[in-house]
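Where a number appears in this text, it was derived from the coordinates with a stated rule and is not lab data. Keep in mind it's a predicted model, so treat the numbers as computed, not measured. Please note: Cβ atoms are built from the backbone with ideal geometry, for glycine as well, and neighbour counts cover all protein chains shown.
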Amino acid sequence: MSTTRVSETGTAGGALRVIRGILLAALVLGLAGTGLELLLLEHFEDWRQLIPLGLIAAALLVLAWHAVQRGPAPVQALRVLMLIFILAGVLGLTLHYRGNEEFELEMYPDRAGLELFREVMMGATPALAPGTMIQLALIGLAYTIGHPRLGRVERQGGESI
């Protein structure tokens with residue numbers, strides 16, 4: 001299977017640079033905005049609520065490291081962190097859903113099925129809000145695909161040369 005190298009200096013390379021820049025800006029703004037919102041919502045009542053705040057702080061630190069160091073390590077660290085973001089997002093979705101479900105069943109023990117699901121999803125805790133962590137992770141992972149600091153070209157399908 002042959003692989004075509006795309007230079008970051010050519011026309012396609014210029015487009016890749018712009019796209020990568022947009023992804024980086026979206027990631028930084030998303031991290032900062034989500035972190036600020038969580039702080040304003042006082043999302044730190046117990047240790048589990050600190051998970052997204054800690055991950056956001058870690059991601060901002062890794063991005064600062066990435067800004068000052070030219071090597072592949074910060075890009076690889078960002079990838080690992082983004083995978084952890086996905087796990088945290090799934091955990092958050094589960095915790096938000098279960099918290100709302102517990103409240104609904106305490107108030108209305110006879111609720112079940114679609115009615116219970118609807119009320120849980122519309123509960124006081126935004127059930128889908130932790131999905132933001134997954135969205136940020138996907139932006140971060142997209143930013144790292146074929147990143148020039150990795151020193152290699154990645155093929156479709158995850159192989160690298």
**Study point:** Dipole of the chain, positive end: most advanced residue of GLY21, GLN49, GLY123 [Cβ charges, Cα centre]
**Key:** GLY21
Point to revise | Sites ALA73 and GLU42, calculated FRET efficiency, Cβ-Cβ separation with R0 30 Å, nearest 0.05 | key: 0.30
Study note, to complete from the structure: Options [x] 38, 33, 27; [y] 63, 35, 22; [z] 68, 33, 27 for Cα extents along the principal axes in Å; the value derived from the coordinates is listed as [y]
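Roughly how many debye, to the nearest 20, is the charge dipole of region 1-117 about its Cα centre, given +1 on each Lys and Arg Cβ, -1 on each Asp and Glu Cβ, and no other charges?
The dipole magnitude comes to about 1140 debye.
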**Study point:** Helix runs (DSSP H) in the chain reaching 15 Å along axis by Cα, Kyte-Doolittle at least 1.0
**Key:** 11-40, 50-68, 131-144
Study note, to complete from the structure: Per the helix-only model, the chain has a calculated mean residue ellipticity at 222 nm (DSSP H runs of ≥4, -39500 (n - 2.57) each, divided over all residues, rounded to the nearest 500) of -23000 deg cm²/dmol
Exercise for review: Work from the charge dipole of region 11-150 (Cβ charges, +1 for Lys and Arg, -1 for Asp and Glu, about the Cα centre) and give the residue of MET133, LEU61, LEU95 farthest towards its positive end.
Suggested key: LEU61
Point to revise | Spin-label model distance (nm) - GLN135 vs ARG98, 7 Å beyond Cα toward Cβ | key: 2.5
Exercise for review: Excluding PHE117 itself, calculate the net charge of residues whose Cβ lies under 15 Å from the Cβ of PHE117, where each Lys or Arg counts +1 and each Asp or Glu counts -1.
Suggested key: -3
Revision key, fill the gap. With R₀ set to 22 angstrom, the calculated FRET efficiency between the beta-carbons of LEU50 and VAL28, to the nearest 0.05, is 0.55
**Study point:** At R0 = 35 Å, FRET efficiency that the Cβ-Cβ distance of ALA12 and VAL90 yields, to 0.05
**Key:** 0.50
